[in-house]
Every structure is written in structure tokens, then in C-alpha cells.
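What follows is a set of notes on a single structure, which appears directly below.
The values are calculated or read from the model by the stated rules, or taken from the named source; none is laboratory data. Note that the structure is a prediction, hence the values are computed from the model and not measured. Don't worry about glycine lacking a Cβ; one is built from the backbone with ideal geometry, like all the others, and counts go over all protein chains shown.
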Amino acid sequence: MGVTTRNRLSRKITLGFLALVSVSIVAIFAFSTTCHQNVTVCRSEETRCGSDEREVRAVSGLDKEDIISDEEQDAQVPFESVSADSSVRQESPSQPVVVATNSVNNHNFQGKRAYALLSYGSAKSLHCATMAAAIACRDVATQRYEVIILRIGKPLDERDIPHGVTQKLVDFPSTKEANGNGARFGKLWVSALSQFDSVVFIDHDVLVRKPLDFLFDIAEQLPDTLVAPRAYWIPQPYMMSGTFALSRGSANQTIHRIMSEVLHDPKNDWSQEKWLGDMHWFNGALDVRDDVTLVSGFYTLLVGEFYPKDAIYSFWANRFGWTSARVLDEAHVIHFIANWKPWGSGIKEARGNTTPELERAFLQWNSFRGRVCRR
């Protein structure tokens, strides 16, 4: 082989090698860019790429029943130790569905939503409590949300109803509790508010501190399903009935049909039971229980969280590794359960064993009362 031929062959080999190196570099760069873009998309959609249930549990220390995420920038949900995009879902046909889902907030929804409360009886203290709860809802809700008081009996004085809140007169429910009263079943009238895409019901001893958009969102994604926080201080599964969401449904859907029967039919399947209250019914009526979606009990935080002698004192502070002050700051809802009613014993129930957070919770409720209740 001549020198010229060898030189030509050498140049061809060199050029081929350089071309191969160039292609490899471009390919590596493209792969890197694609991976980076994929990760960015995952983060922007708040979906954790490659995460699984074991990873979530290992990082957070939380049971999957207690994990549900909301958009961190809006809701400040209590899962900073968990990526805000974590997603776990567990279902069982024999008990309520436990759901955790990534950010389901839909801030551009086109339908209508409402917070609803129930008012009955003639006690002025209860009327005042309802107004305080209503104005708290009004404060956290945008104008796209209505706030409605479902009123059983004589209409409330319009002068007592806060601006931006309306009352709707409803009939006394047909189903009674064991004590012969059935007024608390009046909250089931939310099922008749068919003009709304979804409704969140709030008891008058519940103080809403932050928007509950995530409850509306989940309800609309799971039609004919109750969405409620866990009654976390008792054996599970067990739901709260003082805060729950329900989407619009037809009369032949299970939940809406059952609620209609409880309201209208005195001989319905549940009328002969000795219900101890609406919470007992929600959890004891199997057809209802099996269509419940449970979210973390943090979303109906009991005020005993801040009382040192309560069995659930610092429950969430210990769970999340937070200070009590932060638990209060992050809380969406505070439930003044049992003897802690602000219009009753209130903070006196602490008998001097108060904490700054307990005092703050009652001061906030009192601030709402001062705005809407006539002396």
C-alpha cells in the first residue's frame, strides 16, 4: 500500500471517529436536556417522578391515611417533610375510601360553589354562633362562593345576617334522633342545593380559618361521594360530620337518594334506629359509610390540641414535629367540640391551664362574634 493511500485511509478513520464523538456528545446533551425538562414538568405539575408509597412513608413518617396535599402556596398544608407532590390512594370496598391526591385545586373552575351552615331553634347564643361561623366562611371565600344558612323554623332576622350571607328556609327532617329531635339532620339539605357544583357544610361550632378549596375539588372529582375529615381521636375509619363536602348529584345516586329519604320519608330504612346524633348516622348507616372519602383529620383540628390536659394535646404538633404555634397558624379549621363552645364555657373550660394558642383560637372566634352579634 502506498503512502498516499495510507494517508487517505488515516484521514477517513480520524474524521469518522470525530463524527462519532460529536454524535455522542449531542445525544448525551439531548438526553440530559430531556431529563431536565421532564423533571421540570413533573415539578410544575406537582407530580413526583418515580416516587412510590414506600418512599412517601419513609420520608414523611405519616400513615397514608393522613397524607393529602393541596397547593402549598395557597393552603400551606402540613407536609413540609413530604414533597408537596406526593400521591397515595387506597381503596377498600368494606370501608370508606381513603384518598390522598396531588394538588387538585382548580382555581379556574367555571361552576358555582357554596359554604352551607344550619340554624335551628330560638336560642340567641346558637344564632350568634351560626353568624360567627358564617362570617368566617365569607371572609375566606371569594365572590364566586356563596355562603348559605339553612334555616329550620322561623326565619332569622335579616338584620342579624352578615353581608354576603343568605338564608334558605328548609323543612324539619322526617328522621329523628334517639332523643326525639332531628334538627341536626337538617344539614342533609345540602343535597338539595342542586344549583351548586359542590357544597361544603360547616357546623356552627367550627371556625374556618383558611379556604377549603381542596374539599370542593375532591367532591367534584368524586361525584355522589361525601368528603370528610377523619375523627382522628377515635378508632378508624370514622368521619367527622361537622365539616364535609358533597358534589351535585341526581336523585337516583346513592348518597343523594339516602339523604332525600332521611329528610322526606318518615318510614325510611333508618327511621327506626336509635341514632345518637348525625355523626352516629353518617358512620352507622352502611350505605352512607361506604361512599365516604376520608381526608386527614388535620382539616378539622380539635381545640384540645392546645389544652395540656386533653388526651389529644399536641397530637398534630408531635405528628409533624411542629410547635403548637405553627400548628395553629397552619390550621384550616378549628372545632370547638364538647364543652369548649365559645358561647358556653369557652376558655373557662381550661380552668386556668391555658396556652397562648388556646387563647388565640378563642380570641379569633370572639372577633367574629363581635362583628356580627348584637348585644
* **Among (1) in contact with a Ser or Thr (Cβ under 7 Å, 6 or more places away or on another chain); (2) under 12 Å from L118 (Cα atoms), the one test that T175 misses** => (2)
* How about the stretch 141-161: which of its residues are within 15 Å of K124 (Cα to Cα) and either surrounded by fewer than 20 Cβ atoms within 10 Å (Cβ to Cβ) or touching a residue at least 60 places away in the same chain (Cβ under 8 Å) (or both)? -> I152, G153, K154, P155, L156, D157, E158, R159, D160
* To do: Restricting attention to the stretch 253-298, report how many residues are touching a Gly at 6+ places or on another chain (Cβ under 8 Å) and farther than 25 Å from E220 by Cβ.
  => 2
* Structure fact -> Restricting attention to the stretch 125-167, the residues that are farther than 20 Å from H335 by Cα and assigned to a helix (DSSP H, G or I) number exactly 3
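Let me confirm something: among G352, G370, which residue is of a type in the set (G, A, S) and in a loop (DSSP other than H, G, I, E, B)?
Details: G370 fails: in a loop (DSSP other than H, G, I, E, B).
That would be G352, the only listed residue that is of a type in the set (G, A, S) and in a loop (DSSP other than H, G, I, E, B).
Can you confirm whether the stretch 318-340 contains a residue that is under 30 Å from L156 (Cα atoms), modelled with pLDDT of 95 or more and part of a loop (DSSP other than H, G, I, E, B)? Step through it out loud before you land on a result.
Start the filter on the stretch 318-340 by keeping residues that are under 30 Å from L156 (Cα atoms), which leaves 332-340.
Still in the list and also modelled with pLDDT of 95 or more: 332-336, 340.
Narrowing the set further to residues that are part of a loop (DSSP other than H, G, I, E, B) leaves 332, 336.
Yes, the stretch 318-340 has at least one match.
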